[in-house]
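J.: Attaching a single structure in structure tokens format; questions to follow.
Throughout, read-outs are computed from the coordinates displayed, never taken from laboratory work. These numbers come from a predicted model, not from an experiment. Reconstructed Cβ throughout: ideal geometry from the backbone, glycine too, with neighbour counts over all protein chains shown.
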There are 2 protein chains.
Amino acid sequence: MINKLYFTTTNEEAQKNAFDAIEEEQSSIGYYDLPEQNISSILDYCDTISLTVEAIAVIGIGGSSLGAKAVYEFIKPVKDLPRKLYFFESTDPINITNLLSKLDIKKTHFLVISKSGNTVETFSIYKYIYSLHNDPFAYTFITDPGSPLEQYAKEVNISVLHLPENVGGRFSVLSTVGLVPLALCGIDIQSLLSGAKTIKESFFEHGYIQDTLLKKATYYAKNHAQYHINCIFAYSETLKYFCEWYVQLWGESLGKLQRHSAFHVGLTPVGLIGPKDQHSFLQLIMEGTRDKSVTFIKIEDFHDSIRIPDISLAHLESLDILNNKTFSQLINMQCDSVIEALLEQESIPLDTISIPSISEYDIGSLIYYYELLTSLVGELIDVNTYNQPGVEAGKIILKKKLQGI
Amino acid sequence: MINKLYFTTTNEEAQKNAFDAIEEEQSSIGYYDLPEQNISSILDYCDTISLTVEAIAVIGIGGSSLGAKAVYEFIKPVKDLPRKLYFFESTDPINITNLLSKLDIKKTHFLVISKSGNTVETFSIYKYIYSLHNDPFAYTFITDPGSPLEQYAKEVNISVLHLPENVGGRFSVLSTVGLVPLALCGIDIQSLLSGAKTIKESFFEHGYIQDTLLKKATYYAKNHAQYHINCIFAYSETLKYFCEWYVQLWGESLGKLQRHSAFHVGLTPVGLIGPKDQHSFLQLIMEGTRDKSVTFIKIEDFHDSIRIPDISLAHLESLDILNNKTFSQLINMQCDSVIEALLEQESIPLDTISIPSISEYDIGSLIYYYELLTSLVGELIDVNTYNQPGVEAGKIILKKKLQGI
């Protein structure tokens, strides 16, 4: 991964403090250690799932689905995977019925993922699917040790896997939560972790990414009152669900009351896909209010050689300049052109991330990069990055409604 | 449609001026008249497409694809459609290859949609697909009269349909651009227009939506410096692509330099889907910076009777309150709970839109509602709602790169 910043910041004191805080945080926040974990028990478990199982279905929402979905949808178009992966992540009845029509329920293994073990959406769907197919061998639960879900599992003889300690949902993609569904579908989870590990080492062992991440986080934090919308502009359809994962990670981690004040703060994430969103959101970036930073993500080589043919169309000869270009060249030229156009504007903080290709290693590195960035910015804007107290009120009201109170 | 505002505004002078401006604008901006158009020529044209055609593929980007996609993805899950609809809207080679693998090119009719008639993405893809399948009867072009695309069409005997006059890409879903692909797939386009017409009449003929739209637009405009992020929180997966259409409409129309100043202004659109995004973006709305308005969109009746079964799970008895509820009830209770939770917060302007069901009529009304709202807000924040000068710079740079300059 190459990350190039087109803005500068000089606040070395803040950078040092943030680095120290993150280094210290490693002992209490679980996600930092995930790249080094031993995955043999996960692989062993995956081997116990029958080869007759053709599809894996995650029943989970938010942090229980977005990470695996991001990786799966990135890799799926370029790799011949042995099993399909589905996500039941909504109580929308149309969505549930539609998903069920796509899979053969008797050849599907369901992963019920709930950290707390009592998520309303997850259990509504689980109950419904269980009523259609009540074979305990068709299910595996992933939850925190001792959760109500684990206790239930013991009663009905369903296998349980645990989340590691102190790993929050939105930081859990590199734990059992993401690794189990991905491994079951033939994703190389060791490469995924290796990609993450490279970024981790580069950050903590004074590699090049340390300086870049500290500068970027400090810039975002220092200027958060002005640049409080942070766009990812990713030039590949394969990164669409990575953007959704980023939106949760960024929004839920950084939208908070400050720890030492009564101020509401927050950085708003926006995920964009190029070139499509050149015809949508770009106008707003170029000419709209100067409240947005933009990070372009490029894939250097799509390893796909389809090419615009050498055809000249009458009256459309001006488009002959496209001829013989590969689409890979074209999409990256489009990205570079938009970057150049934005650099000519004032007051749009911009950086670029290049990854070499569409691989597990590369998405692993992107994931860990964004997790570190989130932790750093959270520290610097003085919020608790790892909780989400704001979502409780709605849950309490829902419970009352369900009870008819 | 029922639209309820939970905020008030008293600026009647601004409301009157905005209404007058929109009324006057009808003579020069083409989209206003679309609900009353005669669709018989479109339906006649559709009848000329062979019944052996199994799929329709739109080659188009931005305004040429987002509208049809929004309607198609809304209706598809609830209606047995005779043909599938695909969208080639990216130069991403993986995406192109992947889409082509899903369809039988010889049983597909391609609609090449480009208002200007020389869109880089559209013609790169068209050239590629044409090189694989050069049968002129497999293509229809939709473009402005006299465009280079129309001239080319005459040379190669490909049929051409026109966009109506003065209809911009992002306001074109109810014109040939959206209606032709939708009608070819069995969508009831007359109902779509009827839904739009109901909103149009209610607005221009002093129906209830006039007051609501004027109040909402005036509030957004007056407070745009503070509430410059406008979220749609739609409680159905079927509205996912409607949100993408909204993002283009809102962002590209309102992100501008003001007409009478050198100020950059803009309202940033965010599309959210519930309940999924309760586990993602909601925390940021609840506790983050007070810079967001939220519009909830609810579907009153999903016409789907799947129900959470009356099963009690040991150790999870607290979830028995879900039993016997339909998913339709549950998802709407979730929506109501989040609305109530947000209403308990200060400084989060909120409104709700309810549509009765998932139908062409309902999405037609939503579309026209948002088009009118966009026009009103654009007028009130003093921008040219209908151009997009900010996207030109990147195109010029791309052209130079392609020429090797």
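J.: In µm²/s, what is D for the protein assembly as shown at 20 °C and 1.002 mPa s, where D = kT/(6 pi eta Rh) by Stokes-Einstein and Rh is the Kirkwood radius from Cα pairs? Working shown, then result.
T.: Values: Rh = 27.2 Å.
Translational diffusion coefficient: 79 µm²/s.
J.: When the gyration tensor of the range B:38-118 is built from Cα positions, what are the square roots of 5 times its three eigenvalues, in whole Å, from largest to smallest?
T.: 20, 17, 14
J.: At 37 °C and 0.692 mPa s, what whole-number value in µm²/s does Stokes-Einstein give for the translational diffusion of the range A:297-405, with Rh from the Kirkwood sum over Cα pairs? Please report the intermediate quantities before stating the final value.
T.: Working: Rh = 19.1 Å.
Here the translational diffusion coefficient equals 172 µm²/s.
J.: Inside 10 Å of the C-beta atoms of A:230-241, what's the mean count of C-beta atoms belonging to other chains?
T.: Across A:230-241, the average partner-chain Cβ count within 10 Å equals 2.
J.: Could you work out the relative contact order of the range A:30-187, using alpha carbon pairs under 8 angstrom and six or more residues apart, expressed as a whole percent? Kindly include the intermediate steps, with their values, before the conclusion.
T.: Values: 253 pairs, mean separation 54.3, N = 158.
Dividing the mean separation by the residue count of the range A:30-187 yields 34 percent.
J.: What are the label-to-label distances in nm, one decimal and shortest first, from B:Ile105 to the same spot in the other copies, with labels 7 Å along Cα to Cβ?
T.: 4.0
J.: Now for a separate question. Can you compute the modelled spin-label distance between B:Asn98 and A:Asp135, with each label point 7 Å from Cα toward Cβ, in nm?
T.: Result: 3.0 nm between the two label points.
J.: DSSP loop GluC sites (Glu not before Pro) in the range A:311-345 with at most 13 other Cβ atoms within 10 Å of their Cβ, which ones?
T.: Of the GluC sites (Glu not before Pro), the ones in loops of the range A:311-345 whose Cβ has at most 13 other Cβ atoms within 10 Å are A:Glu344.
J.: Also, I was wondering about something else. What does the copy distance list look like for A:His162, label position 7 Å along Cα→Cβ, in nm and ordered from shortest?
T.: 7.2
J.: Packing-wise, with mean Cβ within 10 Å as the measure, how do B:282-292, B:376-386 rank, highest first?
T.: Details: B:282-292: 24.5, B:376-386: 21.5.
My ranking of the peptides, most packed first, is B:282-292, B:376-386.
J.: Could you work out, for the range B:94-193, what percent of all Cα-Cα pairs fall into each 5 Å distance bin, beginning at 0 Å and stopping at the bin that holds the largest distance?
T.: Pairs per bin, as whole percents: 2, 11, 22, 23, 21, 15, 5, 0.
J.: Okay, next question. How compact and how long is the range B:217-291, expressed as Rg and Dmax of its alpha-carbon atoms in Å?
T.: For the range B:217-291, the Cα radius of gyration and maximum Cα-Cα distance read 13.7, 42 Å.
J.: Can you classify the range B:187-334 as rounded, prolate or oblate using the Cα gyration tensor, where a ≥ b ≥ c are the square roots of its eigenvalues, rounded means a/c under 1.5, and otherwise it's prolate if a/b beats b/c and oblate if not?
T.: In terms of gyration-tensor shape, oblate.
J.: Would you mind computing, in nm to one decimal, how far apart the modelled labels at B:Ile405 and A:Asp301 are, each placed 7 Å from Cα along Cα→Cβ?
T.: My value for the distance between the label points is 3.1 nm.
J.: Another question, if that's okay. Can you list the DSSP H helices in chain A whose Cα atoms extend at least 15 Å along the helix axis and whose mean Kyte-Doolittle hydropathy is -1.0 or higher?
T.: For chain A, where a helix must reach 15 Å along its axis and average at least -1.0, the hits are A:120-132, A:189-204, A:208-222, A:240-254, A:327-343, A:360-380, A:392-403.
J.: While we're on this one: Can you list the distances in nanometres, one decimal and ascending, from the A:Ile405 label point to the identical position in each other copy, with the point 7 Å along Cα to Cβ?
T.: When each copy's label point is compared with this one, the spacings are 7.0 nm.
J.: Suppose a student asked you for the relative contact order of chain B, using Cα pairs under 8 Å spaced at least 6 residues apart; what percent would you report?
T.: Relative contact order here is 22 percent.
J.: Over the range B:30-187, what per residue volume does the convex hull of the Cα atoms give, in whole Å³?
T.: Dividing the Cα hull volume of the range B:30-187 by its residues yields 109 Å³.
J.: Moving on to the next point. Among the aspartates and glutamates, which fall within straight-line cross-link reach of A:Lys400, defined as a Cα-Cα distance under 15 Å, with same-chain neighbours fewer than 8 residues apart omitted?
T.: A:Glu392, B:Asp320, B:Asp336, B:Glu340
J.: Enumerate by residue number the GluC sites (Glu not before Pro) in the range B:2-53 meeting two conditions: DSSP loop (anything except H, G, I, E, B), and at most 11 other Cβ atoms within 10 Å of the site's Cβ.
T.: none
J.: Packing-wise, with mean Cβ within 10 Å as the measure, how do B:272-280, B:26-34 rank, highest first?
T.: Top to bottom by mean Cβ count within 10 Å: B:272-280, B:26-34.
J.: Calculate the tail of P(r) for chain B: the fraction of all Cα-Cα distances greater than 35 Å, expressed in %.
T.: 31 percent
J.: Using only helices, what value at 222 nm comes out for the protein assembly as shown when you add -39,500 (n - 2.57) per DSSP H run of length 4 or more and divide by the total residues, to the nearest 500 deg cm²/dmol?
T.: Helix contribution divided over all residues of the protein assembly as shown: -13500 deg cm²/dmol.
J.: Select from A:Cys185, A:Cys335, A:Cys46 the residue whose mean-square fluctuation is largest in a Gaussian network model of chain A (Cα-Cα springs shorter than 10 Å).
T.: A:Cys46
J.: Calculate the mean, over all residues of peptide B:144-151, of how many other protein chain Cβ atoms lie within 10 angstrom of the residue's Cβ.
T.: Counting Cβ atoms of other protein chains within 10 Å of each residue's Cβ and averaging gives 2.
J.: Any idea how far apart A:Asp310 and B:Ser41 come out in nm if each label point goes 7 Å out from Cα toward Cβ?
T.: 4.1 nm
J.: Other chains near B:319-325: what is the mean number of their Cβ atoms within 10 Å of each residue's Cβ?
T.: If you average over the peptide's residues, the count of other-chain Cβ atoms is 5.
J.: Ok, one more. If the cut-off is 22 Å between C-alpha atoms, which lysines fall inside it for A:Lys401, apart from same-chain ones fewer than 8 positions away?
T.: A:Lys127, B:Lys4, B:Lys276, B:Lys298, B:Lys325
J.: How do B:57-63, B:265-271 rank on mean C-beta neighbours within 10 Å, highest first?
T.: B:57-63, B:265-271
J.: Follow-up. Restrict the search to the range B:190-240; then list the GluC sites (Glu not before Pro) that DSSP places in a loop and that have at most 11 other Cβ atoms within 10 Å of their Cβ.
T.: In loop regions of the range B:190-240 (DSSP not H, G, I, E or B), the sparsely surrounded GluC sites (Glu not before Pro) are B:Glu205.
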